[in-house]
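Engineer: Mind looking over this structure? Questions follow.
The values are calculated or read from the model by the stated rules, or taken from the named source; none is laboratory data. Please read all numbers here as calculations on a predicted model, not as lab measurements. Backbone-built Cβ (ideal geometry, glycine too); neighbour counts: all protein chains shown.
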Amino acid sequence: MDPAERLDAQMVAYYAARAPEYDEWYLRSDRYVHTEADDAAWKADLDRAARWLAEMPMGSEIVELAAGTGWWSPHLARKSRLTICDISAEMLELARARFEGLGLSAQFEVRDAWSEPDRQVDGLFAGFWLSHVSRERLSEFLALSHRWLKPGGAFAFMDSRRDHASGAIDHRPPAIDIQARRLNDGRTFRVRKIYYIPAELEAALTEAGFVDVKVETTERFFLLGHARRP
C-alpha cells in the first residue's frame, strides 16, 4: 500500500470512529467551543449555508456523496428524491436515525465517493468532501462528478475555509495538506485536509467541463459552490 492509500485508509478509520461525536463540530460543543464571538460567527455562517442549500434548485433526483451523519441531507430530501451515500456504515446509521426522527425518507447506501456512478441523476451534492480530495486527484473527482449528472444536472458542494476557530481547540492547522485529528478518547489519526480557494475550484470545475460555475464564501468559515453539466 502506497502512502496515499495508507492515508486514505486512515481517514476511513477516523470517520468511522468519529461518527458518534461528529456533530459536536456543527453544534460547537465540547472541544469545538471557541470564543463567544467565534461561535456566533459560526452559527451565522451555518445558517447562511443552510439557506443556500435549501434554495438551490437540483432537480427531482439527488445523490449525496460522503454524507456523514446527514446534517445537510434533510434540506435535499424535502425537495427531491434522495440517495444518501457514505463509505462509513457508522455514519449512515446516524443519518438514518436523523431521518427517522424527522419523519423523512431517503435511500441509504454504503458507497465510496470514488465509486463509479451507477446511473445519472439531476443533482449531486458533496458536503465537506472536496477538502479531502488531493490536489493531484481533484480533476479526476470532478470528472467523476460530471459523469453522475444528466445533461443540465447540478453539482453543489460546501467546504471549509481556513480559520483558526473552525476545528477543535486542540487541532493544529494542516501541515502540507495533512492534519492530525484527535478524538475525544485521545486517539489520533492523520487526515488529508486541503483548503481550496474559490478561484482554484472555479478553474478546476471549468476545466472538467462544467458551466455556470460559481464558488462563493460565507463571512468566515465555508465555501459554497455550484456548477452545471451542459
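Engineer: Which of the residues belonging to the range 168-182 are part of a strand (DSSP E or B) and of a type in the set (A, V, I, L, M, F, W, C)?
Structural biologist: Hits for the range 168-182 are ALA175, ILE178, ALA180.
Engineer: Let me ask something else about it. Could you please give the count of residues in the range 170-181 that are under 14 Å from GLU21 (Cβ atoms), surrounded by 15 or more Cβ atoms within 10 Å (Cβ to Cβ) and in contact (Cβ under 8 Å) with a residue 12 or more places away in the chain?
Structural biologist: Matching residues across the range 170-181 total 1.
Engineer: Filter the range 183-198 for residues that are surrounded by 14 or more Cβ atoms within 10 Å (Cβ to Cβ), assigned to a strand (DSSP E or B) and more than 17 Å from the chain's Cα centre (by Cα) and give the result. Before you say what the answer is, go through the steps one by one.
Structural biologist: Of the residues in the range 183-198, the ones surrounded by 14 or more Cβ atoms within 10 Å (Cβ to Cβ) are 183, 189-196, 198.
From the residues that got through so far, the ones that are assigned to a strand (DSSP E or B) too are 189-192.
Matches in the range 183-198: PHE189, ARG190.
Residue-wise test of (1) among the aromatic types (Phe, Trp, Tyr); (2) assigned to a loop (DSSP other than H, G, I, E, B).
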{"position": "PRO151", "(1), (2)": "no, no"}
{"position": "PHE155", "(1), (2)": "yes, no"}
{"position": "ASP159", "(1), (2)": "no, no"}
{"position": "SER166", "(1), (2)": "no, yes"}
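Engineer: Quick one: which of PRO117, PRO151 is exposed (fewer than 12 other Cβ atoms within 10 Å of the Cβ), of a type outside the set (Ser, Thr, Tyr) and at pLDDT 95 or above?
Structural biologist: PRO151
Engineer: Assess whether PHE210 counts as being closer than 21 Å to TRP25 by Cα, among the aromatic types (Phe, Trp, Tyr), surrounded by 14 or more Cβ atoms within 10 Å (Cβ to Cβ) and at pLDDT 95 or above.
Structural biologist: no
Engineer: Related question: Evaluate the range 99-108: report whether one residue or more is of a type in the set (S, T, N, Q) and surrounded by fewer than 17 Cβ atoms within 10 Å (Cβ to Cβ).
Structural biologist: yes
Engineer: Taking the range 1-45 on its own, how many of its residues are touching a residue at least 24 places away in the same chain (Cβ under 8 Å), hydrophobic (A, V, I, L, M, F, W, C) and in a helix (DSSP H, G or I)?
Structural biologist: 12
Engineer: Given (1) under 29 Å from HIS34 (Cα atoms); (2) free of Cβ contacts under 8 Å to residues at least 40 places away in the same chain; (3) charged (D, E, K, R), identify the lone condition not met by ARG161.
Structural biologist: Exception for ARG161: condition (2).
Engineer: Just wondering, is there one or more residues in the range 72-94 that are more than 19 Å from ALA19 (Cα to Cα), in contact (Cβ under 8 Å) with a residue 40 or more places away in the chain and surrounded by 15 or more Cβ atoms within 10 Å (Cβ to Cβ)?
Structural biologist: yes
Engineer: Please tell me if GLY167 is in contact (Cβ under 8 Å) with a residue 60 or more places away in the chain, touching a Gly at 6+ places or on another chain (Cβ under 8 Å) and surrounded by 18 or more Cβ atoms within 10 Å (Cβ to Cβ).
Structural biologist: no
Engineer: Here is a further query. I'm trying to understand the selection: among the residues of the range 95-115, which are within 29 Å of ALA9 (Cα to Cα), touching a residue at least 12 places away in the same chain (Cβ under 8 Å) and either in a loop (DSSP other than H, G, I, E, B) or in contact with a Pro (Cβ under 7 Å, 6 or more places away or on another chain) (or both)?
Structural biologist: Once the filter is applied, which keeps residues that are within 29 Å of ALA9 (Cα to Cα), touching a residue at least 12 places away in the same chain (Cβ under 8 Å) and either in a loop (DSSP other than H, G, I, E, B) or in contact with a Pro (Cβ under 7 Å, 6 or more places away or on another chain) (or both), the range 95-115 yields ALA106, ARG111, ASP112, ALA113, TRP114.
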